[in-house]
Each structure stands twice: as structure tokens, then as C-alpha cells.
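Below is one structure; the comments refer to it alone.
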Amino acid sequence: MIDLDEQIAQILRERAEGDVDTNRLLRASRARGRRRQLHRRVAAGTALSLVGALGVVGVTGTGPDGLTGRLPWTAAKPAATPAGATPVPPRVDGVPGAAADPALVGSDPTVLHFGLDPTRVRYLGWSVVRGHTESVRLSVRDDQPVHVQVSRTPESLSSSVSFGNVEVDVARLGIQSFDGTIHPTSGGASGLVTSWNPAPGLYARAVILQGDRAGLERAVGALRWNEARSCAVPLRLDALPDGAPINTCSVDVSAYPKLVTSDFTLGRAANQIMFVTYRYASGAGTRTEGNRTIAGRPANLSADGSTLDLLGIPRTTVSVNFNWQWEGRRPADAEPGATSGFTEADATTVLAGARVVDDPTRPQSWK
């Protein structure tokens, strides 16, 4: 199996002369970040994870939400949450849903052009990849997790779906038609998958892990194609580096309210990607020891010069992974030791303009 560090470089190498596949890159970077950042920072008393670098202060030997022995994203089932308590992305007025205008899907990384009926299912997370896909993760009865992905073209849909540390490869199923037929997943993961056209020019795929046909049908029936919702997060980025717009937005509320995570990627060229990550953990402390100051708050540059963390926020850390190295493979035209193309000054710009909500357990305050 190719090392995840090399997967990122491989993706960028393949796309050095064109647009980067941010969907593949986001999946690889999440897994890479979980492994690399947890290994480096849990030993220092900080549990950080997911995309490239992000942080929440934790307690050594426990997860960042205070749960001993496992982290929320590796749990087979989402943490139990009282009915109605899970955040729901707010509606965006004046924007048509995907069924009315499929061309809008993926056009704005801050907007989802479909939603869920929160009285029938529970949001676990949502994400948008500019120019590619929009997706939601949800839970049906008995906490059966379901991943739904929507795109304007069938080629843009992911060939694999991740459920924590379980990867479901739907490409091996040989599904060519979008007729709503339910197929069993292949490989070691036990689940079901269906692909269909919610409207002309709109392609959707839903995968349920360790669930049954009734659960998958319930998830599909809870989808709402006539509404638009915000990719709401408890963090707003008021300042971005020149020519580096937000390309992806991702939110995980599967362990809400104990843990809230949000991730962004910024990009200004096919081979220049910056990862911005927010982590709130209810059981964490407040890390204040750093070697930098940004907008009056303590900050810390990692020893390898790759990650800048904004500190001093109760139970929260906002991080920018800006200088990740090409490891293993690299683009053919890149010099040895070439980096992502961003600098500490770029990361400082992002963190200086970061606006964090006072209480992320009040979703109505999310941006």
C-alpha cells in the first residue's frame, strides 16, 4: 500500500500541469494528518488531527473529547447525541437547490445545494469541494452511518468512501448506471451502495456501512434537493493570501458537542495547497505556550516549520499547515526539497484574520 505521505505528492505530481484533484487530496491529507499530527503532538500533551495539521489540546492517553482509548473518527458508531441537538447547516436564502440548477453544485465551497430532513436523520458532517462534489454524512436508525455525494458529472464522484478507518471502494463494483439499484459493497467492508439521478444533469451516490436496505432507503428519502444550505463552521476566515481562495470546506459533528472539527483547503496553483483546520474539544485545556504572537494571541510554529498554530483559545486550536514537504515522489518540474509554495507569512495572514465563535456548542452562532 502506498504511504499516505506519498499519495499526496503522487496526486500533485499527476496534476502538475492542470487542476489538482482536491477531492482525492482532501481524503489523503485527512488520513495523513491523523497519523502524523497525533504521533507528533499527543506525546507533547496535545491531541491534534485530521487535515494536515490542526489542533485541539488533549490529555495524553485519551482522545481529544476525553474518551479513553479511541478517537471519535475511528469509532464504529457516532457518539450518541440527544434528538435535535446535532447542528444543522442553516438555509441560504435566494439560492436554488441542486434539482433546480445542477450547475451550481460545487460552484461555491461555502454552500451546499441540497440538505436533509433533520426529523428523519441526523447530520454527522458535510463538505464541499469546489468544482467537484458536495457531500453529507448522516446517521439513520441505530446510528447506521451513510455517506451521500453529489456531482454534476459521474466522473467527479469519489471512487472510494471513508468511514473513519474503514475505506469502501465503490469503483470495484463496476456500477455504470444511475438507476437507483442497491448493490452490496465489495471487499472487506460490509455495506450497500446506490447511485441515481435526483434530477437531469445531477448525479448522486449513497453508501451505508454495516447497514441494511431499509436504512439506506431511509437516508435517500430524507434528502432534500430543493434547498441550499451553508457549509457553516465555527470559524470565519476574514483574510486569505493573495490569489488563494477557499477550495474546500468540511465539517465533522459526529461527536458533537464533545468534539467539533472543521477543515479548509486554500489553493492558488495546481501544486500549491494550504490546509486550515479548527478543533474544539470540550474536555481539552487551553494551550498558551508558543514561540510567536499573532493578532495579540500566542501562536506556535512547529519544529519542522510546516505548521502554525493559533493558541490561547479555550479548548480550541486553529492551525495552518502551509509548508508540508514533498515526500517520496514530487512533480517532475519541482526542485528537490520543494514545498507546498506557501510561507509562514501566508499562514500568519490567515490566522490573523481568523474569527472563532465564542461557544461552538451554539450552532446558531456559526458562520
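Results, tabulated for the structure shown:
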quantity: Normalised alpha carbon radius of gyration of the range 181-320 [divisor 2.2 N^0.38 Å]; calculated: 1.39
quantity: Per-selection Rg to Rh, the range 96-195 - Cα, Kirkwood hydrodynamic radius; calculated: 0.95
quantity: Solvent exposure, largest accessible area first (probe 1.4 Å, DNA, RNA and ligands not counted), of 182, 294; calculated: 182, 294
quantity: With all protein chains modelled, accessible area of residue 309 [1.4 Å, Å²]; calculated: 0 Å²
quantity: Under 14 Å from the residue 101 label point (7 Å along Cα→beta-carbon), backbone N, the range 198-231; calculated: 226-229
quantity: Calculated over the range 215-296: convex hull of Cα atoms, volume per residue (Å³); calculated: 180 Å³
quantity: Residue 183 accessible area, assembled protein chains, probe 1.4 Å, Å²; calculated: 60 Å²
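The values are calculated or read from the model by the stated rules, or taken from the named source; none is laboratory data. Everything quoted here is computed from the prediction, not taken from an experiment. Cβ atoms come from the backbone with ideal geometry, glycine included; neighbour counts cover every protein chain shown. For accessibility, only protein heavy atoms count, side chains too; no ligands or nucleic acids. Shrake-Rupley method; radii C 1.70, N 1.55, O 1.52, S 1.80 Å.
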